[in-house]
Amino acid sequence: MTSANKPAPDSEITLRVNGKPHTLHIDNRRTLLDLLREDLGLTGSKKGCDHGQCGACTVLADGRRVNSCLLLAVALDGSEITTVEGLGGDGEEPHPLQRAFLDRDAFQCGYCTPGQICSAIGMIAEAAAGHPSQVTDPATPSGRPVPLDRSEIRERLSGNLCRCGAYPRIVEAVEDVIR
Amino acid sequence: MKSFGYLRPDSVQEAVEAYAAHPGARYLAGGTNLVDLMKLGVERPAVLIDVGRLPLDTIEELPDGSLRAGATVRNSDLAADPRVRDRYPALSQALLAGASGQLRNAATTGGNLLQRTRCPYFQDLDKPCNKREPGSGCSALDGVHRDHAVLGHSPHCIATQPSDMAVALAALDAQVELYGTEGTRRLPAAEFHRLPGEHPERDTWIRPGELITGVLLPAGTAGVPSAYRKARDRASYAFALASVAVVLRVADGVVDQAGIAFGGLAHRPWRARHAELALLGAHATPAAFEGAVDLELMHAEPLRDNAYKVSLAHNLALDVLNRLAPAPAAA
Ligand SMILES: Cc1cc2nc3c(=O)[nH]c(=O)nc-3n(C[C@H](O)[C@H](O)[C@H](O)COP(=O)(O)OP(=O)(O)OC[C@H]3O[C@@H](n4cnc5c(N)ncnc54)[C@H](O)[C@@H]3O)c2cc1C
Ligand code: SF4
Ligand code: FES
Ligand code: FES
């Protein structure tokens with residue numbers, strides 16, 4: 001592991017993406033986002049800023065929402081990745097939150113939408129697991145699920161920018177699935 | 001991005017040895033700052049040593065009543081830990097006031113402490129910057145510096161330390177635990193970051209190759225009322241213009257413990273020792289709080305375009321102090 005020679009600039013990694021295993025030979029510089037889009041052709045995850053500032057690249061890694069543009073794929077060897085393409089599972093039916101986005105017309109250009117949806121799914125799980133947010137009343141008991149009112153939803157999704165300003169309807173779509 | 005080799009040691013010892021074998025390597029944790037800076041060309045390591053999966057991901061209680069959070073505990077998990085929320089609310093609040101849900105899921109305790117400044121010139125290879133390239137000059141001095149320091153800056157660098165978490169750790173008397181070839185040592189979180197002086201290229205007192213293994217939250221501030229408040233350009237997902245962490249215990253109307261640290265004002269979390277001294281033993285009244293905060297902020301030396309930070313910090317500190325002080329008993 002700690003050989004004095006310079007370690008190789010490329011690596012072999014295995015990832016499960018939307019349930020399917022992939023073994024890939026990658027340049028160590030490959031980000032998860034570029035791997036998904038360029039190597040696997042999964043272009044649902046979007047590149048808005050490439051610097052963690054917009055959330056368009058949000059995916060779930062081992063069930064947690066993350067910015068795929070700032071993750072090096074080599075560091076994720078063995079991880080389970082879910083992208084917007086995998087949310088509906090094997091079936092033809094979209095995920096309930098995807099359905100809610102359609103019903104609520106919660107997008108205009110749609111560029112931020114995959115990231116919004118992956119982020120919201122991760123965020124709903126976090127609140128259910130008792131994770132507080134900046135707007136959670138400090139008196140809320142630790143460890144219990146945090147109810148998601150509008151201010152909670154807005155705060156918890158603040159890492160996803162929407163240049164079309166679809167925010168009010170995004171909040172409504174999320175409310176539809178948590179009720 | 002420059003090409004690099006990748007190593008993933010299995011233990012702290014192996015990580016430190018890997019650095020010794022590859023001086024100039026960088027430790028990679030969540031990558032949310034390092035990968036960003038590598039994309040910008042600010043960081044160009046030949047080797048990355050991935051410490052993100054080291055078994056330093058637990059939060060444990062020590063026999064003396066302190067709490068130890070490992071270096072790879074994710075920011076979201078540290079903020080949500082019931083012991084942290086109950087005993088050190090300022091720390092949980094500071095973490096939750098930083099970055100976004102996604103970023104906090106990747107960011108680690110160690111990486112958060114060592115994140116680099118958000119000074120735009122530091123990130124712009126075309127501009128002189130003493131922190132990035134010692135001796136090249138400071139573009140912010142006469143440039144855009146409304147986000148920059150008002151305390152403890154030097155003619156060589158006026159950048160601020162960006163971490164919210166570090167501000168809470170400083171106020172809570174936390175310690176940073178380090179491991180290197182010379183063994184283990186601890187530094188107070190309030191002294192971990194440096195003032196820029198003539199060497200702004202060094203953000204902290206960490207030695208080359210040293211690994212942060214964790215932070216220690218002491219028994220002495222456990223359960224003492226504390227809070228964090230941050231002002232920024234938008235309601236969420238933005239760095240602090242100014243922030244404050246306050247730890248305050250009042251007994252019979254008199255302050256008997258006070259820890260105050262400002263964020264966004266200096267190259268390190270600014271522990272307000274003058275204000276704390278003035279408060280100890282004083283009656284916990286709004287006037288006493290104001291006097292103490294003024295005593296601290298009179299040392300501020302604002303730049304051309306950031307004097308607003310002094311009154312912003314003043315108001316934030318007074319709000320939090322007054323909120324934490326128990327309401328006086330009805331006459
Ligand atoms: C858009 C955006 C907004 C943000 N907003 C905020 C904000 O409002 N408030 C805030 O506080 N932060 C904010 N951040 C910064 C974020 O908190 C940091 O990027 C994060 O905490 C860094 O942790 P990491 O584990 O990802 O570190 P990495 O990027 O992996 O590493 C950062 C540095 O620490 C070193 N390092 C990492 N771990 C160790 C260790 N154990 N020992 C020694 N060295 C180590 C690395 O070598 C590197 O130099 C923001 C970031 C982004 C991208
Ligand atoms: S303030 Fe510091 S980081 Fe910013 S340009 Fe000047 S030297 Fe560089
Ligand atoms: S593309 Fe990743 S956050 Fe913008
Ligand atoms: S729908 Fe266009 S950016 Fe959100």
³J(HN,Hα), Karplus 6.51/-1.76/1.60, whole Hz, each residue of the stretch B:206-220, x for Gly, Pro:
5, 8, x, x, 5, 10, 6, 9, x, 10, 10, 9, x, 5, x
Might you report the magnitude of the Cβ-based charge dipole of the stretch A:96-178 about its Cα centre, with Lys and Arg at +1 and Asp and Glu at -1, to the nearest 20 debye?
180 debye
Wrap a convex hull around the Cα atoms of the stretch A:65-179, take a quarter of its surface area, and give that in square nanometres.
8.4 nm²
In percent, how large is the relative contact order of the stretch B:226-324, given Cα pairs closer than 8 Å and 6 or more residues apart?
27 percent
In terms of the charge dipole of chain A, which places +1 on Lys and Arg and -1 on Asp and Glu at the beta carbon, the residue among A:Thr113, A:Thr23, A:Leu97 farthest towards the positive end is A:Thr113
Dipole of the stretch B:179-331 (Lys/Arg Cβ +1, Asp/Glu Cβ -1, origin at the Cα centre): which of B:Gly180, B:Ala251, B:Leu279 lies farthest to the positive side?
B:Gly180
Out of every Cα pair in the stretch A:1-88, what percent are spaced more than 20 Å from each other?
31 percent
Could you please state how large a percent of the accessible area of the protein assembly as shown is carbon and sulfur, counting protein chains only and using a 1.4 Å probe?
51 percent
For chain B, percent of DSSP beta bridges that are antiparallel (nearest 5) comes out at 85 percent
Interface burial for A against B (accessible surface, 1.4 Å probe, total of both chains, Å², rounded to 100):
3800 Å²
For B:Ser154, residues with placed amide H under 5 Å, excluding near neighbours:
B:Gly197
Roughly how many nanometres apart are two label points built 7 Å out from the Cα toward the Cβ at A:Arg16 and A:Asp149?
3.9 nm
Each residue of A:63-76 has, on average, a number of other protein chain C-beta atoms within 10 Å of its C-beta equal to 6
Separation of alpha-carbon centers, the stretch A:88-143 and the stretch A:42-79, rounded to whole Å
16 Å
Given charges at Cβ of Lys, Arg, Asp, Glu: chain A dipole, positive-most of A:Ala129, A:Ser68, A:Gly159
A:Gly159
If every Lys and Arg gets +1 and every Asp and Glu gets -1 at its Cβ, then about the Cα centre the stretch A:85-139 yields a dipole, in debye to the nearest 20, of 180 debye
For residues of A:130-140, the mean tally of beta carbons on other chains within 10 Å
5
What percent antiparallel are the DSSP beta bridges of the protein assembly as shown, to the nearest 5?
85 percent
Cα-centre dipole for the protein assembly as shown with unit charges at Cβ (Lys and Arg positive, Asp and Glu negative), debye to 20:
600 debye
Once phi for every residue in the stretch A:85-93 is put through the Karplus expression 6.51 cos²θ - 1.76 cosθ + 1.60 (θ = phi - 60°), the whole-Hz ³J(HN,Hα) values, with Gly and Pro written as x, are 5, x, 5, x, x, 6, x, 7, 6
Provide the per residue accessible area, probe 1.4 Å, for the protein assembly as shown, rounded to a whole number of square angstrom.
41 Å²
I'd like the FRET efficiency for A:Asp176 and A:Ser142, computed as 1/(1 + (r/R0)^6) with the beta carbon distance as r and R0 of 30 Å, rounded to 0.05.
0.60
Amide H to amide H under 5 Å from A:Asp10: which residues, 5+ apart in sequence or cross-chain, H placed 1.01 Å off N in plane?
A:Asn28
Explain nothing, just compute: Karplus ³J(HN,Hα) = 6.51 cos²θ - 1.76 cosθ + 1.60, θ = phi - 60°, for every residue of the stretch B:24-33 in order, whole Hz, x for Gly and Pro.
x, 5, 10, 6, 10, 10, x, x, 5, 9
Output field shielding_mean for A:51-57 (other chain Cβ, 10 Å radius) holds 4
For the stretch B:1-146, rounded, prolate or oblate, judged on the Cα gyration tensor with a ≥ b ≥ c (square roots of eigenvalues), a/c < 1.5 rounded, else prolate if a/b > b/c?
oblate
Everything considered on the Cα gyration tensor (a ≥ b ≥ c; rounded for a/c under 1.5, else prolate if a/b is larger than b/c, else oblate), the stretch B:226-324 must be described as prolate
Given an 8 Å cut-off on Cα distances and at least 6 residues of separation, report the relative contact order of chain B as a percent.
17 percent
Return one quarter of the surface area of the convex hull spanned by the alpha-carbon atoms of the protein assembly as shown, equal to its mean projected area, in nm².
24.8 nm²
Semi-axes of the equivalent ellipsoid for chain B, please: Cα gyration tensor eigenvalues, times 5, square-rooted, ordered largest first, whole Å.
33, 25, 16
Show B:Glu182, A:Glu152, B:Glu301 ordered by accessible area, largest first, where the area counts protein heavy atoms only and the probe is 1.4 Å.
B:Glu182, B:Glu301, A:Glu152
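The values are calculated or read from the model by the stated rules, or taken from the named source; none is laboratory data. Here the structure is a predicted model, which means the values were calculated and not measured. With ideal geometry, Cβ positions are generated from the backbone for all residues, glycine too; neighbour counts draw on all protein chains shown. We work out accessible area using only protein heavy atoms, side chains counted, and drop any ligands, DNA or RNA first. Shrake-Rupley method; radii C 1.70, N 1.55, O 1.52, S 1.80 Å.
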